[in-house]
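Below: the structure, in C-alpha cells.
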C-alpha cells in the first residue's frame, strides 16, 4: 500500500493479526478442500499404494506448511490481554511465508490435477527447482559475486595517503 506521494503505509498490530488469521483460514480451507475432493473422488475410483502414499505426502506438506505459518503468526499478549506482538506478517512481500503459501497452492493444484492423470504428481519437482533458484538468487550468488570489503577500505586509505603526498609536493 502506498500513498499519493509514494510513501509506504505501515500496518497496525491489530490489522496484521486479523490479516494473519484470515490468511491462515484461507489456506487451511484450500488444503482441506483439495484433500476432500481428492479423497472423495478416489473413494469412487480405486486406491492403490501410489495414491495412498502421495495423499499422505500431500497431507504432510499441508500440515507442515500450515503449522510453520501459524507458528510465525503467533501473537503474544500481556497479562492484561493487550496485544504486544502480532507475530510475523504472513502477507509481507518477499517473506518466507510467501514460499509456504506457494507450496500449499502448488500441492492443492497438483492434487486436483492428479485426478486427471497421475503424471501431474511430477509437477512437485518444481519445488526443489524453485528452492534451488531462491537459494542461488538470495544466498549463493550475492556471496560469490560480492566485492571484497577489505580492498575498498584499503583503497580509500591509499587514496587519502596519496592525496596528502600530492598536497605536500605542491605546497
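Coordinate-derived values only; no laboratory data. Quantities reported herein were computed from a predicted structural model and do not represent experimental measurements. Here the Cβ positions follow ideal geometry from the backbone for every residue, glycine too, while neighbour counts run over all protein chains shown.
Springs between Cα atoms under 10 Å define the GNM used for the chain, and in it the highest mean-square fluctuation of 32, 84, 24 occurs at 84.
What FRET efficiency would be calculated for the residue pair residue 122, residue 74, taking the C-beta separation as r and a Förster radius of 41 Å, to the nearest 0.05? The partial results should precede the final answer.
Numbers: r = 35 Å, r/R0 = 0.86.
The value I calculate is 0.70.
For the chain, what is the convex hull volume of its Cα atoms per residue in Å³? Intermediate values should be presented prior to the final figure.
Working: hull volume 42.9 nm³, N = 171.
Spelled out: Cα convex hull of the chain, divided by residues, is 251 Å³.
Counting only DSSP H runs of at least 4 residues, each contributing -39500 (n - 2.57), and dividing by the residue count of the chain, the helix-based mean residue ellipticity at 222 nm comes to -21500 deg cm²/dmol. Taking the C-alpha atoms only, the angle from helix 149-169 to the longest principal axis of the chain is near 20 degrees.
Among 20, 155, 118, the largest mean-square fluctuation in a Gaussian network model of the chain, built with springs joining Cα atoms closer than 10 Å, belongs to 155. Extension gain for residue 141-residue 105 works out to 10.2 nm (0.36 nm per residue, less the C-alpha to C-alpha distance).
The distance linking the range 67-101 with the range 16-50 is 22 Å (Cα centroid to Cα centroid, whole angstrom). Remark: the Cα gyration tensor places the range 81-154 in the oblate category, a/c being 1.5 or greater and a/b not exceeding b/c.
Would you order 38, 27, 71 from fewest to most other beta-carbon atoms within 10 Å of each residue's own beta-carbon?
Numbers: 38 19, 27 23, 71 10.
Result, fewest neighbours first: 71, 38, 27.
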